[in-house]
Amino acid sequence: MLADVGCGRGGPGIWVARETGARLVGIDVVAGAVADAARRSVELGPLLGPLDARFRVGGFTATGLADGSCAAVMSVDALWMVWDKEAAVAEVARVLEPGGRFVVTSWETPGVDHAALLTAGGFTVEEKVETPDWLDRQLAVYAGMLAHENELVAEMGAEAAAVVLAEARETPPRLPSTPRVLVAATLAAR
């Protein structure tokens, strides 16, 4: 099974599950995003072919998944928002089977080194790279979100839109000092 923690509306996890044939469980703290992801996976079914996907409310430190139930865990741009990153890494390690992979993209705020964090949590870091052109692309995303605020509210609902719009307003000044990285790591055998 593949877990997408911080799945939002499901797009990246659905794409990876389709490409790999993995069973997917998407987890997010925003109930509206979880509902949207479930709808999206059903709507995309005829276009993508069979997809074994389910979605639930949860978070990085409390996924609700069984011990060793995942062959892989992914997360796209959500870990940076977790206050207790050590607990998040411990939860990912708990749900991964030995030798399982964790691939994450996140921003590294000052004082946070994701490779060191994962190593301390029992992972072997295979790769850590700064994603190309991340700053220009992220600023363009935020500008687009703010330019289409009403459409976002109509599409996502007020609660979910409020979260992403607050991020779009508050985050840009901090971005230059917080590089976006991709880290791929393997859980050591227990």
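I need the full set of residues from segment 41-58 which are surrounded by 16 or more Cβ atoms within 10 Å (Cβ to Cβ) and either aromatic (Phe, Trp, Tyr) or modelled with pLDDT under 90 (or both), in order please.
Ser41, Leu44, Leu51, Phe55
Give all pairs with beta carbons closer than 9 Å in which a residue from segment 115-139 that is more than 16 Å from Gly99 (Cβ to Cβ) and touching a residue at least 12 places away in the same chain (Cβ under 8 Å) meets a residue that is surrounded by 15 or more Cβ atoms within 10 Å (Cβ to Cβ) and hydroxyl-bearing (Ser, Thr, Tyr); count only pairs at least 6 apart in sequence or on separate chains.
Filtered contacts from segment 115-139: Thr131/Thr105; Trp134/Thr105; Gln138/Thr171.
Contact list please: Cβ distance under 7 Å, first residue in segment 85-99 and free of Cβ contacts under 8 Å to residues at least 24 places away in the same chain and of a type in the set (Gly, Ala, Ser), second residue surrounded by 19 or more Cβ atoms within 10 Å (Cβ to Cβ) and not in a helix (DSSP H, G or I), pairs at least six apart or on different chains.
Filtered contacts from segment 85-99: no entries.
Can you find even one residue in segment 65-84 that is of a type in the set (A, V, I, L, M, F, W, C) and without any contact (Cβ under 8 Å) to a residue 24 or more places away in the chain?
The answer is yes; a qualifying residue exists.
Which residues, counting only those in segment 117-160, are farther than 22 Å from Gly10 by Cα, within 19 Å of the chain's Cα centre (by Cα) and among the small types (Gly, Ala, Ser)?
Gly121
If you scan segment 147-190, which residues turn out to be outside any strand (DSSP E or B) and under 23 Å from Glu130 (Cβ atoms)?
Glu167, Ala168, Glu170, Thr171, Pro172, Pro173, Arg174, Leu175, Pro176, Ser177, Thr178, Pro179
Taking segment 94-121 as the search range and keeping residues that are polar (S, T, N, Q) and under 18 Å from Thr61 (Cα atoms), which one is surrounded by the most Cβ atoms within 10 Å (Cβ to Cβ)?
Ser106
Is it true that some residue in segment 8-28 is hydroxyl-bearing (Ser, Thr, Tyr), in contact with a strand residue (DSSP E or B) (Cβ under 8 Å, 6 or more places away or on another chain), surrounded by 14 or more Cβ atoms within 10 Å (Cβ to Cβ) and more than 24 Å from Val164 (Cα to Cα)?
Checking segment 8-28: not a single residue is hydroxyl-bearing (Ser, Thr, Tyr), in contact with a strand residue (DSSP E or B) (Cβ under 8 Å, 6 or more places away or on another chain), surrounded by 14 or more Cβ atoms within 10 Å (Cβ to Cβ) and more than 24 Å from Val164 (Cα to Cα).
The values are calculated or read from the model by the stated rules, or taken from the named source; none is laboratory data. All figures in this text were calculated on a predicted structure; none of them were measured in a lab. Cβ atoms come from the backbone with ideal geometry, glycine included; neighbour counts cover every protein chain shown.
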